[in-house]
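S.K.: So that we are looking at the same thing, I have put the structure below in structure tokens.
The values are calculated or read from the model by the stated rules, or taken from the named source; none is laboratory data. Since this is a predicted model, take the numbers as computed values, not measurements. No Cβ is skipped: glycine too gets one built from the backbone with ideal geometry, and neighbour counts run over all protein chains shown.
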Amino acid sequence: MKIKTLKNRLLFSFLTVNLVLAVSVFCLGYWVIQQQLFERTQKQVNRYLDSARLFYNSEIENIGTRMKLVSYNQDLETLRKNLDLDYLFRLSSNEAAISASRIVQQVLESRTSLGGTRLVGPEELARMPEAVQQRARIPIKSSTNEKLFTEVGIVKEYALPLLSSKGELDGVIYGGRLVNQDYTFVDKLRLLVFGDEQYRGKPVGTVTIFQDGIRIATNVLDQEGRRAVGTYVSQVVYDSVIREGKRWHDRAEVVGNWYRSAYEPIRDLDGNIIGILYVGILEEQLTDIVAKILLLFLLAVSAALLLAGVVAFVLTGSILHPITLLLEATRRLAKGEWGHEVPAETSVEELDHLAKSFNEMSGQLRQRELSLKISNEKLAELNKSYLDLIGFVAHELKGMLASAVINAYSLRDGLLGMLNFKQKRAIDSICRNLDYLDATVKKFLNLSRIEREKLEINKQPVCLRKDIVDVSVQTFSKMFENKQMSIVNRIDPGLRVNADPDLLQIVANNLISNAAKYGAEGGRIELSARVPDGRVEIEVYNDGRPIEPHELPMLFKKFSRLDNPDKKKVKGTGLGLYITKQIIEAHGGQIRVEPRGGGNAFIFDIERA
């Protein structure tokens, strides 16, 4: 359809440009939201898988740490329960040589302690407690009606050599935990990595351990709201992870729901793939967030488009109305109605000048018509002025239209507003240093709990030296050896405190690791405890550079590190002492530092059991 009137042409052009611009902005916004949100979430899931792997391996090391701290001159069954293990066996050297456990065999050969993951068969399961055998036997959910069960299990195992007083090998002690239906482990891992957030009755973050391709421990829920153990992993994941031994990360359908997922193989000591470790984030929540954002974005764009239409209509009318009156006046002039005038007060200055000029011209024409003495030369001059005025009007309109078109195309092509790449630079700057990722992740997870005021304190009687301090000293023993530092532990073995053991362990780890980091080469660390007024006052001393008085206010602040020229290469987040202070204060205690002539003493108090 051909558009003839100038008003309709202006409105149509203006609205077309705005519509194209609005659609382009909406599509661009949709693409940016999809790319940023989902790609960022997928990268986050990949990092969560790394954290899950670290936690999984740390669980094996924790088993070994506990086993190293006990004496085996007692009943193994009682000891097994105390160590919170599913099984604990002692083998002679001959028995260890023919053991089904490659971990035991390697410990026998190397005479050093070792931990890992492996499969246990029906014969080994038969020697374990009945409850463990039942956990290993999981019904497999298949498309057929045939009742199948898992016959083997995956264990996290640790073995120690037993040496006589003469240094001869007397045998091997080994124990572990069965992964099958060990929901405490996967739930703890999920809580550590994702938190306890749920969306529409489903956990947002999920963790699963597969035996081959069958779920044996998971917090993924099936359609009935039960844990989906006994179900299979998808074929594409199975082929990539189990058969090819690769890490797989993408969106995947998990028991009827779509998740942003990451999978990697679980291997035994010989490198054989025996299972899969999986983490995933529920995509339904992300999809709903995208839908809400896009709806708001669509409403905003629609409102802007509607407003632009109204403005265009009003603006076009305000511009064209004086021109329409001027056009009508020229028609009357053409009919001989001399002296007709148009309103000279509009919203556009140029049109006001045009109207005034027209009115002046109309008045002059009337005067000349009334005067019979006007010469032909004056009529010709008046006609020329009239033509010049019409040319001026046409030129002005052409300039305004050209400017409007240029500005409209500049907006559409992004010449007046480039895209903002700050978000992309922020994402690229997240992963800069992986050397101390494990410690940093933990500190930030703790900081998150503190900042969200979800630092729950579960107090219970704890043996300070055995359950807390000795564990930290063992954990950082390598650092002490590298710096040739000596540890003097004067804490009474029978001293007990009333505290949350996990949080108190974080406090001990932070203070003892700081003592190792900032202590002098070849120096010493002294650990002591006093009992004044019914509370326990614990001191961690190291003989590093004494802290200056002006540095004390900065010591326990978040993301604050002291300017120590001698320790420029010591990496840290500036969170350790801040988290330590928050945990101690949550227990009702206080922490302080006492600079001394040869070092620094960090002292905190806590309730005595």
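S.K.: If the Cβ limit is 6 Å and pairs must be 6+ apart or interchain, which residue in region 569-596 that is assigned by TED's automatic domain parsing to the domain that holds M554 pairs with which residue that is among the hydroxyl-bearing types (S, T, Y) and at pLDDT below 85?
M.R.: Cβ pairs passing all conditions: K571/Y436; T573/T440; G574/S560.
S.K.: Restricting to helices (runs of 4 or more DSSP H) lying wholly in region 65-136: which have 1 or more residues that are under 17 Å from L178 (Cβ atoms)?
M.R.: Once the helices (runs of 4 or more DSSP H) in region 65-136 are filtered for at least 1 residues that are under 17 Å from L178 (Cβ atoms), what remains is 76-82, 102-110, 122-126, 130-136.
S.K.: A further question on this structure: Before we move on, is L163 at pLDDT below 90 and within 23 Å of N82 (Cα to Cα)?
M.R.: Considered against the rule, which asks whether it is at pLDDT below 90 and within 23 Å of N82 (Cα to Cα), L163 comes out as yes.
S.K.: From the list K517, K581, exactly one residue is at pLDDT 80 or above, in a helix (DSSP H, G or I), within 21 Å of Q474 (Cα to Cα) and among the charged types (D, E, K, R). Which is it?
M.R.: It is K517.
Every residue, every condition in (1) under 39 Å from the mean Cα position of the chain (by Cα); (2) modelled with pLDDT under 90, yes or no:
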{"residue": "I63", "(1), (2)": "yes, no"}
{"residue": "M67", "(1), (2)": "yes, no"}
{"residue": "Y72", "(1), (2)": "no, yes"}
{"residue": "R80", "(1), (2)": "yes, no"}
{"residue": "L85", "(1), (2)": "yes, no"}
{"residue": "R90", "(1), (2)": "no, no"}
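S.K.: Out of all the residues in region 284-300, is one or more part of a strand (DSSP E or B) and either of a type outside the set (D, E, K, R) or out of contact with any Leu (no Cβ under 6 Å at 6 or more places or on another chain) (or both)?
M.R.: no
S.K.: Being polar (S, T, N, Q), within 19 Å of G599 (Cβ to Cβ) and surrounded by fewer than 19 Cβ atoms within 10 Å (Cβ to Cβ): is that true of Q474 here?
M.R.: Criteria not met by Q474.
S.K.: Taking region 524-548 as the search range and keeping residues that are at pLDDT below 90 and among the small types (G, A, S), which one is nearest to M485 (Cα to Cα)?
M.R.: Taking the candidates together, the pick is G544.
S.K.: Follow-up question, since we're still on this one. Mind checking whether some residue in region 198-212 is closer than 24 Å to T117 by Cβ, in contact with a strand residue (DSSP E or B) (Cβ under 6 Å, 6 or more places away or on another chain) and surrounded by fewer than 17 Cβ atoms within 10 Å (Cβ to Cβ)?
M.R.: No, the conditions are met nowhere in region 198-212.
S.K.: A follow-up question, please. For region 69-78, does any single residue satisfy the condition of being assigned by TED's automatic domain parsing to the domain that holds K156, in contact with a strand residue (DSSP E or B) (Cβ under 8 Å, 6 or more places away or on another chain), touching a residue at least 24 places away in the same chain (Cβ under 8 Å) and not hydroxyl-bearing (S, T, Y)?
M.R.: No - not one qualifying residue is present in region 69-78.
S.K.: OK, next. Does any residue of region 238-248 turn out to be part of a strand (DSSP E or B), at pLDDT 90 or above and in the same structural domain as N46 (by TED's automatic domain parsing)? Lay out the reasoning, then the answer.
M.R.: Keep residues of region 238-248 that are part of a strand (DSSP E or B), which gives 248.
Those left that are additionally at pLDDT 90 or above: 248.
Those still in the list that are in the same structural domain as N46 (by TED's automatic domain parsing) too: 248.
Looking for residues that are part of a strand (DSSP E or B), at pLDDT 90 or above and in the same structural domain as N46 (by TED's automatic domain parsing), one finds at least one in region 238-248, hence yes.
S.K.: Right, here's the next one. Take region 40-64 and flag every residue that is of a type in the set (F, W, Y) and under 26 Å from D470 (Cβ atoms).
M.R.: Scanning region 40-64 gives F55, Y56.
S.K.: Under 6 Å between Cβ atoms, which residue pairs at least 6 apart in sequence (or on different chains) link something in region 268-289 that is over 17 Å from I33 (Cβ atoms) with a partner that is among the acidic types (D, E) and at pLDDT 90 or above?
M.R.: I274/D268; L277/E264
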